[in-house]
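To keep things clear, I will list the structure first and then write my remarks on it.
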Amino acid sequence: MGISAIAPIDHEAIGKVLMPFGHSYNLPAHAYISHEVFEWEKKHFFEGSWVCIGRSDDLARPGDRRAVQVGSESVLLVRDEGGCLRAFFNVCRHRGHELAAVGPCDNARVIKCPYHAWVYALDGSLRGAPHFSDRPGFDRSEYPLVDVATAEWRGWVFVNASSDAPSFAEHVGSLAELIDGHEPDRLRCAARHDYVIDANWKIITENYHECYHCPQIHPELCRVSPPDSGYNLPPDGAWTGGSMELMDHATTMSLSGESSGVLLPGLDSKRRREVLYFGLFPNLLISLHPDYVMTHRIEPLEPGRCSIECEWLFPPEALAQGGFDPAYATEFWDITNREDWSACEAVQRGAASRGFRQGPLAPIETEVYEFETIVANGYLGRPLRPLTRTSAGLSLETGQAS
Ligand code: FES
Ligand SMILES: [Fe+2]
């Protein structure tokens, strides 16, 4: 993880987060409000890990490119002539001008620097440098764009800007086995909402991972899914997740419980009666319904602010239906999202108060525990892995499993 692998945060407070399940406390206030901790997280949790930057099919054709922010870095993703997705630091090898502005996807045959017109092929090799024929010994092959590690997985694109994270396969563990029935790689985005929330990025994920709050703030959700239903799925990578059941009258999560889509064909009878909720550290939340998949992609902006891109993915056979309208899914979740964001913003205001103390987690907040222990382990420079319900805990001194 490079220099300053340990986060600038009180270790005694982090020890309380790493207590065995049933005895632990949530993260201390500094995790939510400190600029120093926030900068450390950008370097170690975002640049130093595998961040989801969006869907593969947004970069489907040769020449498609998009510059994205990953922590403090800007990364240029490009689909090359052979169909391979490449990622480069968004920095020209001449005098360092950005090659593209962070923003929506674009397409061109080459990558041309807007400053002095150096031209790179889609594989990052330098093809043209105006006036450099007069520089003795200048060899274009010495100036390719600098590669960044990238991975495509089940239709999503991930980037590891530091290029020194554990392999992507280790990062996701067996998560694919749990989501492959939904065939997320063949689903297509039919709706997207962008939100900006005045809350720390971790508060969004903590809130996502428990339904303890559902009877209080989600009347619509409680009409289609019992808030105390479901089970925890033991994680074996940098993720945490669980399920919730649908009520007997409900086919999916919508205001009426009815679906205007198509049931995903790869699901067994059990999966057709439940919704799976996964958080892949640090920034992708995947909610798998019997007929659609919703994702939240979180981008930290400031200690107390983040943006979220929420996407709804449907199978091609649903999109091909005449007059298909994803509103049954988007309306339900837009209402629920806003209920959640309001709660998250209220927690952020609490975290900024001198009256804030680390609170105890409830026995039903299993996945909050798992997420917070990934964070706490990361703060101590350890692998980004959760403790689980059954973990005995890790020794603070040695970092070894006890
Ligand atoms: S900085 Fe890119 S061509 Fe000069
Ligand atoms: Fe919620």
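The values are calculated or read from the model by the stated rules, or taken from the named source; none is laboratory data. Values in this document were obtained by computation on a predicted structure and should not be read as measured data. Glycine also receives a Cβ, built like all others from the backbone with ideal geometry; neighbour counts cover every protein chain displayed. The area values use the complete protein model at the heavy-atom level, side chains included, leaving out ligands, DNA and RNA. Shrake-Rupley method; radii C 1.70, N 1.55, O 1.52, S 1.80 Å.
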message: Tell me the accessible surface of Leu233 in square angstrom (1.4 angstrom probe, heavy atoms of protein chains only), to the nearest ten.
response: 20 Å²
message: Using a Förster radius of 56 Å, what is the FRET efficiency between Ser342 and Lys270 based on their Cβ-Cβ separation? Nearest 0.05, please.
response: 0.95
query: Share of segment 1-49's accessible area from carbon and sulfur, percent, 1.4 Å?
result: 57 percent
- request: Grab the beta carbon distance between Ala60 and Glu36, set R0 = 51 Å, and tell me the FRET efficiency rounded to 0.05.
  value: 0.80
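Using a 1.4 angstrom probe, figure out how much accessible area segment 1-137 has per residue, in square angstrom, rounded to the nearest whole.
Solvent-accessible surface per residue comes out at 47 Å².
Counting helices only, and only those DSSP H runs with n ≥ 4, report the 222 nm mean residue ellipticity of the chain as the sum of -39,500 (n - 2.57) divided by its residues, in deg cm²/dmol to the nearest 500. Intermediate results must be reported in sequence, preceding the final value.
Values: 11 runs with 87 residues, N = 402.
Taking each H run of at least 4 residues, the total per residue is -6000 deg cm²/dmol.
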Lysine pair number, Cα distance threshold 28 Å (strictly under), the chain, separation 8 or more or different chains: 5
statement: Long-range share for segment 216-271, i.e. C-alpha pairs more than 12 Å apart as a percent of all pairs, stands at 72 percent
- request: Report the percentage of all Cα-Cα pairs in segment 1-154 whose separation exceeds 22 Å, rounded to a whole percent.
  value: 53 percent
- request: Can you give me the three principal axis dimensions of segment 47-114 from its C-alpha atoms, in Å, biggest first?
  value: 28, 28, 19
query: So what is log10(I(q)/I(0)) for segment 205-334 at q = 0.11, 0.21, 0.22 1/Å, when the Debye sum runs over its Cα atoms only?
result: -0.40, -1.40, -1.49
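Given 0.36 nm per residue, what is the gain on full extension from Ser229 to Arg357 after removing their alpha carbon distance, in nm?
43.1 nm
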field: Dipole of segment 13-96, positive direction: furthest Cα of Ala29, Ser49, Leu77, with charges on the beta-carbon
entry: Leu77
- prompt: In angstroms, what radius of gyration and Dmax does segment 258-402 have, counting Cα atoms only?
  reply: 19.0, 62
Sequence ranges 294-300, 249-255, ranked by mean other-Cβ count within 10 angstrom, highest first: 294-300, 249-255
message: Check the chain for me: any Cys whose beta-carbon has no other cysteine beta-carbon within less than 4.7 Å?
response: Cys52, Cys84, Cys105, Cys189, Cys222, Cys306, Cys310, Cys344
- request: Can you pull a Stokes-Einstein diffusion coefficient for segment 141-182 at 4 °C (1.567 mPa s), Rh from Kirkwood over Cα pairs, as a whole number of µm²/s?
  value: 106 µm²/s
- line: Placing +1 on each Lys and Arg Cβ and -1 on each Asp and Glu Cβ in segment 181-303, then taking the dipole about the Cα centre, the residue among Cys189, Ser254, Ile204 whose Cα reaches farthest towards the positive end is Cys189
- request: Tabulate in residue order the Karplus-calculated ³J(HN,Hα) for segment 81-92, using 6.51 cos²θ - 1.76 cosθ + 1.60 with θ = phi - 60°, rounded to whole Hz; enter x for Gly and Pro.
  value: 4, x, x, 8, 7, 10, 10, 10, 4, 7, 9, 6
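Under a point-charge model restricted to the Cβ atoms of Lys and Arg (+1) and Asp and Glu (-1), what is the dipole moment magnitude of segment 89-240 relative to its Cα centre, in debye to the nearest 20?
On the way: 13 positive and 21 negative charges, 163 e Å.
Magnitude of the dipole: close to 780 debye.
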- line: Put Lys202, Lys112, Lys16, Lys43 in order of accessible area, largest first, probe 1.4 Å, and you get Lys112, Lys43, Lys16, Lys202
Model label zone, Tyr115; criterion: amide N under 14 Å from point 7 Å along Cα-to-beta-carbon; scope segment 67-88: none
message: Averaged across orientations, what area in nm² does the convex hull of the alpha carbons in segment 118-159 project?
response: 3.6 nm²
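Return the ratio Rg/(2.2 N^0.38 Å) for segment 250-293, where Rg is computed over Cα atoms only.
Normalised Cα radius of gyration, segment 250-293: 1.22.
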- line: Descending accessible area (1.4 Å probe), largest on the left, turns Tyr212, Tyr143 into Tyr212, Tyr143
task: For segment 274-402, report the accessible area per residue in Å² (1.4 Å probe, heavy atoms, rounded to an integer).
output: 37 Å²
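For a distance above 35 Å, tell me the whole-number percent of Cα pairs in the chain that qualify.
30 percent
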statement: Eigenvalues of the alpha-carbon gyration tensor of segment 161-236, times 5 and square-rooted, give semi-axes in Å, largest first, of 27, 19, 17
query: Say a site is exposed when it is one of the GluC sites (Glu not before Pro), sits in a DSSP loop, and has at most 11 other Cβ atoms within 10 Å; what is then the longest site-free stretch of the chain?
result: 82-396
query: Volume per residue, Å³, of the convex hull around the alpha-carbon atoms of segment 106-233?
result: 217 Å³
Cα convex hull volume per residue for segment 195-242 (Å³): 105 Å³
